[in-house]
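Just so it is clear, none of the values below were taken in a lab; they were calculated from the coordinates. Values in this document were obtained by computation on a predicted structure and should not be read as measured data. Cβ: placed from backbone, ideal geometry, glycine included. Neighbour counts: every protein chain shown.
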C-alpha cells in the first residue's frame, strides 16, 4: 500500500485532541478515519439485525436458514471489541502524572455513567416482566455489575474491565505484538474450555458468564491492538485479498452454526470459533479500509451515525420490546415467520433507535445518556485519506450464539481518529 499524505485536521479537533493529550489521555487524534466510523455503523446495524432475529429462536428448529444467518451475524460483538482494541490498546500510553486516573475517570463518565442509568431502566423492565420479581431483586447488584439486567448490557462491564488494564496492554502490545497475540490465543484455545467447565460447576452463574465474556473477547481486543500497531507493515497482498480472508472466516463460522463440526476431533473443534472469528473480523476491517476511498463524500454522515451508535446500542432493545409487544397483542406472532418480517423489524427498530439517540445527543440535558459526543460530529471534518500521528513503527466458549449472543458497543464514543 502506497504511503499517503496526511490531511490537516480541523482546528476544533486538533485543539481538543491536544488538550486531552496534555491531560494524560490517549494521544492526539489528528483527523477522523472514515473506515473506523463506517465499521462501527456496520457493526451496530448488525447488532440490531441480530436482535430482530430473536423472536424466531423459539419458532424455528436449530439449523434452519434464519437461525444460521442469525449465528453468522454474531461477528458484530467481536468487531466492536476489535475496534476498541485498535483505538485504545493500540495507542502508546501517556506517561504523564495522573494519566491513569484521568483515563479511568473519563471512561467511567462517558461509558459507565450512561450504562448505569440505562441498566436501572432495563432492570425495571426485567422486574416488570419476570415471573419471579423477588428473585430478581435479590440478584439486582450482581445483574448491574456484570451487565445482565438485560441481554445486551454485558458488553459495557466487560469493556470497562479491558480498559482497566490499558497501560499494561498498550505497552505489551507495542513491545512484542505478535508474541502477546499468540499467547492470548493459545491461552484462549488451550486453557479456557477446561477453566470454563470448572467455573460453571463451582462459581455463581453470573461470575461464570462474566468470565466467559472476558475470555471470549480478550483475543479480539488484542487482535485490534495488534492491527493498529502493524497495519502499515501488513503485506500488500493481504490487503488486496481481504475478500478471501473474510470468506474463510465466514465459512468457519457457518460450519459451526450448522453443526458441521460436531463430529470433528475435540482439538480441532476448539480452533474453529477463535480462528474463524479472527479471520472474519480481520477481513471486515481490511475491507473497510480498502473501500474507504469510496466513502469520503458521505464521511460527515458516517461520522454522525458512528457517534450515535452507543446511543443506538443502549436504546434499541426498548423499541424492539415495544414492537414485539404490539405484535403479540395483535395476535400476529406467526408474522415473524414471513420473509419480510425481520428486515421490516430492522428498519423500524433501527430508525426509531437512531432518531432517539440523535434526540438525546442533541439535547444538552440528556446528551450524557449517549456518551455526550453526539453533537461533536457536526464540527468540520477533514476530507480525504488521513493517517495517524502515531504510525505503526514510530465492545458461550465455542458458539457464536447463547450467553454471548447480544451486544452493541460503547466503542462508538472512542475517538475514530488516528490509528491508520
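Which FRET efficiency, nearest 0.05, do residue 130 and residue 195 yield, Cβ-Cβ r, R0 35 Å? Don't skip to the end; give the middle numbers.
Values: r = 31 Å, r/R0 = 0.88.
E(calc), rounded to 0.05, equals 0.70.
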Query raised in the report: In nm, to one decimal, how far is the residue 230 label point from the residue 260 one, both placed 7 Å along Cα→Cβ?
Result: 2.7 nm
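Given a Förster radius of 45 Å and the C-beta distance between residue 183 and residue 65 as r, what FRET efficiency does 1/(1 + (r/R0)^6) yield to the nearest 0.05? Walk me through the numbers on the way to the answer.
Details: r = 38 Å, r/R0 = 0.85.
Plugging the Cβ-Cβ distance into 1/(1 + (r/R0)^6) gives 0.70.
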Report summary line: Per the C-alpha gyration tensor (a ≥ b ≥ c, the square roots of its eigenvalues), the stretch 93-232 is rounded if a/c is under 1.5, else prolate if a/b beats b/c, else oblate; here it's oblate
Report summary line: For the stretch 128-222, averaging the sequence separation of alpha carbon pairs under 8 Å that lie six or more residues apart and dividing by its residue count, the contact order in percent is 29 percent
Query - Estimated distance in nm for a label pair at residue 202 and residue 325, the labels positioned 7 Å out from Cα along Cα-to-Cβ - result: 4.3 nm
Report task. Give the relative contact order (percent, whole number) for the stretch 162-265; include only Cα pairs under 8 Å separated by 6+ residues. Result -> 32 percent
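What order do you get for 353, 64, 131, 209 when you list them from fewest to most C-beta neighbours inside 10 Å?
Details: 353 25, 64 13, 131 6, 209 20.
Starting with the residue having the fewest Cβ neighbours, the order is 131, 64, 209, 353.
Between residue 120 and residue 214, what length in nm is gained on full extension when 0.36 nm per residue of separation is reduced by their alpha carbon distance?
Difference between extended and current length: 31.6 nm.
Can you tell me how much longer the chain between residue 271 and residue 165 gets when fully stretched, taken as 0.36 nm per residue apart minus their C-alpha distance, in nm with one decimal?
On the way: separation 106, 0.36 × 106 = 38.16 nm, distance 2.64 nm.
Full extension of this stretch gives 35.5 nm more.
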Report task. Please give the contour-minus-distance gain from residue 339 to residue 145: 0.36 nm per residue of separation, less the Cα-Cα distance, rounded to one decimal in nm. Result -> 66.0 nm
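Below 8 Å, C-alpha to C-alpha, sequence gap of six or more: please give me the relative contact order for the stretch 50-168 in percent. Let's see the in-between values first.
Values: 62 pairs, mean separation 28.5, N = 119.
Relative CO of the stretch 50-168 lands at 24 percent.
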Report task. Under 19 Å from a label point 7 Å along Cα→Cβ of residue 291: give me every residue in the stretch 237-265 with its amide N that close. Result -> 238-251
Report summary line: The FRET efficiency for residue 301 and residue 244, from their Cβ-Cβ distance with R0 = 35 Å and rounded to 0.05, is 0.70
Query raised in the report: Where does each of 226, 339 land when they are ranked from fewest to most other beta-carbon atoms within 10 angstrom?
Result: 339, 226
